[in-house]
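A short write-up of the structure that comes next.
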């Protein structure tokens with residue numbers, strides 16, 4: 001394997017500790033959530049504020065045009081819940097618009113080629129967005145502050161615009177080809193005569209205006225969350241969608257409701273693992289841990305037996321997922337964050353626009369960058385996950401809250417599409433079965449087993465681990481790059497059962513990820 005400059009680096013990251021903690025893929029969003037904790041809000045308030053703040057900070061990952069799921073431990077109710085605000089296809093969707101024109105693979109899902117990439121880019125790729133409804137539902141049921149309080153940090157950021165840096169430039173450059181096809185997207189993200197925006201040689205601060213997003217946040221603050229789905233703002237959203245050719249109507253928005261549902265709960269190693277179930281990756285997580293059984297138990301750093309068991313179990317679990325559920329893995333542009341407070345509330349929240357910049361459509365009237373949730377559907381007809389009207393697709397989201405002795409112990413999740421479940425499985429079992437400290441666990445090299453292609457093994461793993469995996473399944477060694485990340489991008493908060501202190505940790509190789517404490 002050829003060496004890279006990063007092979008000379010030793011990258012570390014410190015955990016954040018406190019009585020209330022927020023960790024996110026963008027440290028500024030984590031700060032917004034922690035400030036809500038300092039003002040007397042609980043973990044749910046902080047998570048909602050973080051979710052609303054992170055969109056203007058990293059609009060290629062998530063935003064109010066997106067979707068998501070969260071798993072919550074409610075201290076008041078002493079139990080876990082899942083909030084489902086996933087995508088739904090339009091009621092009047094015409095599946096013939098997604099005509100197969102080639103064998104593929106046309107995209108990371110390995111779907112066939114679709115006419116004009118309509119399931120991936122542009123107005124036909126957009127599903128009904130649920131993020132605002134989901135955050136509002138969580139706030140109403142489990143929060144303690146008002147909507148205007150939790151949207152305030154996001155409103156300020158949306159009005160200010162994105163602060164340009166090298167990472168943002170990389171993301172915009174990667175999305176430039178598709179962004180340039182849509183006038184509002186091109187004007188916002190490629191403002192320098194259609195080119196990727198740059199900084200001057202002195203590195204002076206530059207902010208990129210996100211179209212009319214600041215005004216839209218103000219309308220949401222004034223009108224409340226249902227303004228996204230009913231009323232003048234909803235009419236503007238629907239008008240822009242239909243003008244671009246989307247099947248989504250005002251009625252689709254008005255009838256959208258987020259759901260509070262039972263989580264998928266199962267036992268392992270003296271803990272109860274609560275994860276979003278149904279059409280998420282939760283069932284695959286449960287199956288992988290079931291197949292691992294007792295083989296990952298031990299003390300200290302994971303050894304060859306640990307990783308061999310993970311590789312075998314994940315390979316089998318993904319094989320079953322792809323054959324029985326009809327889902328195909330992907331690398332998506334998703335964000336995950338966690339929040340926890342001194343009262344015992346915990347939130348693991350994963351939200352996404354799907355692909356990089358989602359559909360790449362910024363709606364002209366509102367400045368909202370929209371998801372491309374239709375890419376989660378199988379374009380082949382007559383399958384469980386096939387494209388159809390008024391339907392929810394499968395996804396790879398996997399937010400987890402783990403309970404031990406009846407009390408919330410840790411919350412965890414990740415972004416990274418097909419890489420999410422392997423990361424969450426390995427890190428959870430390092431904590432549960434190996435008794436590792438979360439900061440130490442996050443510095444451990446990992447493997448990626450996603451059911452398609454050879455197992456991807458961090459080249460920093462010991463040789464005996466590599467030999468153990470290679471003896472079972474095809475394997476390839478890979479570097480753990482900063483950009484693009486070689487593996488998933490997890491976040492986790494752990495509660496000390498004795499002192500109650502919270503410790504938050506993010507992916508070590510993610511330059512923007514960080515945490516903040518109350």
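A few comments on the model shown:
- Failed item, numbered, when residue 410 is tested on (1) crowded, with 20+ Cβ neighbours inside 10 Å; (2) assigned to a helix (DSSP H, G or I): (2)
- Among the residues of region 144-153, at least one is in a loop (DSSP other than H, G, I, E, B) and touching a helix residue (DSSP H, G or I) at 6+ places or on another chain (Cβ under 7 Å).
- Against the numbered list (1) touching a strand residue (DSSP E or B) at 6+ places or on another chain (Cβ under 6 Å); (2) touching a residue at least 60 places away in the same chain (Cβ under 8 Å), residue 468 comes up short only at (1).
- Qualifying residue in region 142-156 (condition: in contact with a strand residue (DSSP E or B) (Cβ under 9 Å, 6 or more places away or on another chain), touching a residue at least 12 places away in the same chain (Cβ under 8 Å) and either within 30 Å of residue 386 (Cβ to Cβ) or surrounded by fewer than 17 Cβ atoms within 10 Å (Cβ to Cβ) (or both)): no
- Of everything listed in (1) out of contact with any helix residue (DSSP H, G or I) (no Cβ under 7 Å at 6 or more places or on another chain); (2) within 22 Å of residue 348 (Cα to Cα), the single unmet condition for residue 508 is (1).
- Considering residues of region 346-369 that are under 15 Å from the mean Cα position of the chain (by Cα) and part of a loop (DSSP other than H, G, I, E, B) only, the residue surrounded by the most Cβ atoms within 10 Å (Cβ to Cβ): 358
- The criterion of being touching a residue at least 60 places away in the same chain (Cβ under 8 Å) and surrounded by fewer than 23 Cβ atoms within 10 Å (Cβ to Cβ) holds for residue 100.
- Test: residue in region 303-314 that is within 30 Å of residue 147 (Cβ to Cβ), under 21 Å from the mean Cα position of the chain (by Cα) and part of a helix (DSSP H, G or I): no
- The number of residues in region 16-47 that are touching a helix residue (DSSP H, G or I) at 6+ places or on another chain (Cβ under 6 Å), in a loop (DSSP other than H, G, I, E, B) and modelled with pLDDT of 95 or more comes to 1.
- Residue check for residue 57: buried (at least 24 other Cβ atoms within 10 Å of the Cβ), in contact with a helix residue (DSSP H, G or I) (Cβ under 8 Å, 6 or more places away or on another chain), within 13 Å of residue 145 (Cβ to Cβ) and in contact (Cβ under 8 Å) with a residue 60 or more places away in the chain: no
- Checklist (1) farther than 20 Å from residue 376 by Cα; (2) assigned to a helix (DSSP H, G or I); (3) modelled with pLDDT of 95 or more applied to residue 171, failing item: (3)
- Pair list, Cβ under 6 Å, 6 or more apart: region 208-237 residue at positive phi and touching a residue at least 40 places away in the same chain (Cβ under 8 Å), other residue in a helix (DSSP H, G or I) and surrounded by fewer than 23 Cβ atoms within 10 Å (Cβ to Cβ): 211/184; 224/147
- Verdict on residue 431 being over 18 Å from residue 335 (Cα atoms), in contact with a strand residue (DSSP E or B) (Cβ under 9 Å, 6 or more places away or on another chain), touching a residue at least 24 places away in the same chain (Cβ under 8 Å) and not in a loop (DSSP other than H, G, I, E, B): yes
- For residue 418, the conditions (1) farther than 30 Å from residue 99 by Cβ; (2) outside any loop (DSSP other than H, G, I, E, B) are fulfilled apart from (1).
- Looking only at residues in region 315-345 that are modelled with pLDDT of 75 or more and assigned to a strand (DSSP E or B), the one that is surrounded by the fewest Cβ atoms within 10 Å (Cβ to Cβ) is 334.
- Single match in 421, 438, 347, 400 (criterion: more than 24 Å from residue 518 (Cβ to Cβ) and touching a residue at least 24 places away in the same chain (Cβ under 8 Å)): 421
- Some residue of region 189-201 being part of a helix (DSSP H, G or I) and either touching a residue at least 12 places away in the same chain (Cβ under 8 Å) or touching a strand residue (DSSP E or B) at 6+ places or on another chain (Cβ under 8 Å) (or both): yes
Each row is one residue, and each column tells you yes or no for (1) out of contact with any strand residue (DSSP E or B) (no Cβ under 9 Å at 6 or more places or on another chain); (2) within 14 Å of residue 89 (Cα to Cα); (3) surrounded by 15 or more Cβ atoms within 10 Å (Cβ to Cβ).
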residue: 236; (1), (2), (3): yes, no, yes
residue: 240; (1), (2), (3): yes, no, yes
residue: 250; (1), (2), (3): yes, yes, yes
residue: 262; (1), (2), (3): no, no, no
residue: 266; (1), (2), (3): no, no, yes
residue: 272; (1), (2), (3): no, no, yes
residue: 275; (1), (2), (3): no, no, yes
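- If the condition is being modelled with pLDDT of 90 or more and not in a strand (DSSP E or B), then region 440-458 contributes 440, 441, 442, 443, 444, 445, 446.
- Residue 90 vs. criteria within 21 Å of residue 362 (Cα to Cα), assigned to a loop (DSSP other than H, G, I, E, B) and touching a residue at least 24 places away in the same chain (Cβ under 8 Å): yes
- Of residues in region 174-186 being part of a helix (DSSP H, G or I) and touching a residue at least 24 places away in the same chain (Cβ under 8 Å), the one surrounded by the fewest Cβ atoms within 10 Å (Cβ to Cβ): 183
The values are calculated or read from the model by the stated rules, or taken from the named source; none is laboratory data. Small disclaimer: the values here were computed from a predicted structure and weren't measured. Cβ: placed from backbone, ideal geometry, glycine included. Neighbour counts: every protein chain shown.
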